[in-house]
Amino acid sequence: MDPLNWSLVAEAGCILAEVQRAADAADRFFPLSLGSEGTCQIGGNLSTNAGGTNVVRYGMMRDQVLGLEVVLPDGRVLSTLTSLRKDNTGYDIKSLFLGAEGTLGVITAASLKLYPKIRSSATAFVAVPDVRTAVQLLAELRDASGDCVSSFELIPRIGVELTTTHIEGVTDPLDEPYPWYVLCELTSSRLVDTLDSVLEGVLTRAMERNLVLDAAIAQSERERESFWKLRETIPEAQRLDGASLKHDVSVPIAVLPQFVERASAWVAEHVPEGRLVAYGHVGDGNLHFNLNQSPDADRDAFLAREAETKRAIHDLVQEFGGSFSAEHGIGRLKVTELERYAPAVELELMRAVKRAFDPHGIMNPGKLLRAGTV
């Protein structure tokens, strides 16, 4: 730990929550936050370039790295555990290992950035009429707060219904049902009481223009945690509810409403066996565009729609200038998608990098790049 340099060094096996606690104990803040932070490890966060709920303000895992220690395929150790913010000495080699999913080397340690400790926050669960309004509300919150928005999560009504049905202790924060919600959070390193008033002011003005239908502002840490439990348990509730088809996509924030509108219309027409569960990190344009099996649908018939649905959703994402894999990586399941959507020159360069680092193809063969094509 180096508090005065706003950095720490963590080995790859460190649990993310342990790194968060170590930073907090040093009066600092490490911003990566995931639903799995109590079990996921820093090495995996680095190798998958993890995203999470704070990307809108702090960026992805790639943005938190100052240096790496990596074991290369030939056994040599690349040690660049520097804590420098400025180092303009040629290619940024460490960045090649971030998001490479272990295909170029094994990350064993990392030098990570720290930030001022969060000392005040304001959190609200807000009902909105549609996705377009949610995007507009995000812009107004960023303007009014001096860009203190750290999280801005989109939740559909079905997300509330799934979690309150399947997850113990989850309750609906609002008295009436609404089509869409956002879970928004402002944070500051200053110990001040203005964030609640800023959040309340923006929401009040938005209500007067019918941009916000209802809202609950957390009055305690317990209430804040209950809001976040609802959001973070949607994936588990989906699993408990039945079969699902999942898509981890991103598009530019400005066109997110149009994407949701067109993609939803396609689903309604072509997948009658499914219910749309579209939620995620609208603050950075990342949407988990999922379909759950309808209660009265045949499971096999629903799952048989997977290939058709994936192609339609991913083609639409491409049309909107987005990504078919926003934060979950490629692995083996999306290799074909990468080959379909990545520019030819980009694939060529990726394969050249793979050959340079791993000429014998021993590092995670078949992941990210198809075995035999390198």
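Before moving on, here are some points about what is shown:
- For the stretch 47-75, taking the residues that are among the hydrophobic types (A, V, I, L, M, F, W, C) and part of a helix (DSSP H, G or I), the one that is nearest to Thr89 (Cα to Cα) is identified as Met61.
- Strands (runs of 3 or more DSSP E) completely within the stretch 76-130 that count 3 or more residues being in contact with a Gly (Cβ under 8 Å, 6 or more places away or on another chain) and on the phi < 0 side of the Ramachandran plot: 106-113
- Of the residues making up the stretch 8-60, just one is small (Gly, Ala, Ser), surrounded by 21 or more Cβ atoms within 10 Å (Cβ to Cβ) and under 17 Å from Lys117 (Cβ atoms), namely Ala23.
- In the stretch 165-215, residue surrounded by the fewest Cβ atoms within 10 Å (Cβ to Cβ) [restricted to those that are in a strand (DSSP E or B) and aromatic (Phe, Trp, Tyr)]: Trp180
- Only one entry of Gly283, Gly274, Gly331 meets the criterion of being touching a residue at least 12 places away in the same chain (Cβ under 8 Å), touching an Asp or Glu at 6+ places or on another chain (Cβ under 8 Å) and crowded, with 20+ Cβ neighbours inside 10 Å, and that entry is Gly283.
- Among the residues listed as Ala25, Ala10, the single one being under 18 Å from Leu98 (Cα atoms) and either at pLDDT below 95 or among the small types (Gly, Ala, Ser) (or both): Ala10
- Looking only at residues of the stretch 335-374 that are assigned to a loop (DSSP other than H, G, I, E, B) and among the charged types (D, E, K, R), we find that the one that is nearest to Asn286 (Cα to Cα) is Lys367.
- When the test is whether a residue is within 17 Å of the chain's Cα centre (by Cα) and either in the same structural domain as Ser189 (by TED's automatic domain parsing) or of a type outside the set (A, V, I, L, M, F, W, C) (or both), Ser36 passes it.
- Selected residue (only one of Lys334, Lys310 is within 21 Å of the chain's Cα centre (by Cα) and assigned by TED's automatic domain parsing to the domain that holds Arg275): Lys310
- Positions within the stretch 344-362 being under 17 Å from Gly75 (Cα atoms) and among the charged types (D, E, K, R), in sequence order: Lys354, Arg355, Asp358
- Ala26 vs. criteria on the phi < 0 side of the Ramachandran plot and either without any contact (Cβ under 8 Å) to a residue 12 or more places away in the chain or out of contact with any Cys (no Cβ under 8 Å at 6 or more places or on another chain) (or both): yes
- The stretch 8-46: number of residues that are in a loop (DSSP other than H, G, I, E, B) and of a type in the set (Phe, Trp, Tyr): 1
The values are calculated or read from the model by the stated rules, or taken from the named source; none is laboratory data. Remember, predicted model here, so these are calculated numbers, not experimental data. Note: ideal-geometry Cβ built from the backbone for every residue, glycine included; neighbour counts use all protein chains shown.
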